[in-house]
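Heads up: the structure comes next, in structure tokens.
Just so it is clear, none of the values below were taken in a lab; they were calculated from the coordinates. Predicted model only: the values in this text are computed from it and were never measured. A quick note on method: Cβ atoms are made from the backbone with ideal geometry, for glycine too, and the neighbour counts reach across all protein chains shown.
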Amino acid sequence: MKSGSVLTAGSEHAEETKRTRMAERGERPASERIPILQIEDFLLTSIQVPLHDRLALQFQRDLLQTIERTRAKGLLIDITAIDVVDSFITRILVEIAKMASLMGVKTVIVGLRPEISITLVEFGVEFNGIKTALNLEKGLEMLRAWRKGDYGENYGENRD
Amino acid sequence: MVKIMVKIEIKEEYDIVTARVSAKEEARKLGFGIVDQTRIATAVSELARNIVDYAGEGVIEINIVDKKGVVGGSGSGSSEGRGGDNDIGRGGCLGLEIIAVDNGPGIEDIEKALEDGYSTGGGLGIGLGGVRRLMDEFEIQSKVGEGTKVRVVKWKQI
């Protein structure tokens, strides 16, 4: 279940076929993963490639496994590089926040650009239960404050 | 006059990205600002995903259209943006038209499909209603067992 490295890609037959097809079209392989970094007690990740179903599921799995392995308390997801937040991506982000929350981890999404915020509101998407911050710095501040109990939402987890 | 610019076959997930990237690029070339580019790209992303999720495959067409008689144009005054002559951009108002067509199962209850919170695909259920809010014009035709055609237009602010 637990893989030694988060960056080890599984390769099935279907995966190979798809990769070959993509290579023929001059595209990057779909098995690309989203890196997850650790800073203090928190995990930091920046989505810089278009999310599709399989990548999104892989990302969710990688995140949860990394949370388990590192015992992280907070998760920062930077979406500055995402130019379109449709209902699919929203659903993925909301799901990640919910799953992380079940593992005692608070998620903060950072880097929503103005045009993305406008579109989200008009489109009718709601980031239910997700905290957002303007940028990485503010997001980190938010998580640190929460860790210190300033947000009044200390779940009483053990300190490592 | 409708000028067909791009036609994208939607067969798998990756085509959704291709479609929205093209739409955004065409919108940018036509002079839309970043907010409208994002609205258009989001709408295209949603329409393309509907094709993949519900119909399996279909086509997305991105066209330039013009509206007659908006800025003293000499056209017939048709609000459809699909007049008969050939003077794109002269005395009219330019827009980007997106047509999404599939031969999928069709939508049984269109009114319901446009309501927020309704989804048969397990998504957020804001797809079509959201697309309608992001764009200036929205038309949908669907027949159960035959397919669905959605046409949306975003007009360029002058």
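Percent antiparallel among DSSP beta bridges with both residues in region A:26-147, to the nearest 5? Let's see the in-between values first.
Details: 4 of 17 bridges.
In region A:26-147, approximately 25 percent of DSSP beta bridges are antiparallel ones.
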> Which one of A:GLN48, A:GLY104, A:GLY139 is farthest out on the positive end of the charge dipole of region A:26-147, using unit charges on Cβ (Lys, Arg +1; Asp, Glu -1) and the Cα centre as origin?
Replying inline: A:GLY104
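Restricting things to alpha carbons, find the Rg to Rh ratio for region A:74-149 using the Kirkwood radius for Rh.
On the way: Rg = 12.2 Å, Rh = 12.7 Å.
In region A:74-149, Rg relative to Rh is 0.96.
Using only C-alpha positions, report the orientation-averaged shadow area of the convex hull of region B:1-56, nm², one decimal. Let's see the in-between values first.
Working: hull surface 16.0 nm².
So the mean shadow area of the Cα hull is 4.0 nm².
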> Which order, highest average first, do A:49-55, A:71-77, B:58-64 follow once you tally other Cβ atoms within 10 Å for each residue and take the mean per peptide?
Replying inline: A:71-77, B:58-64, A:49-55
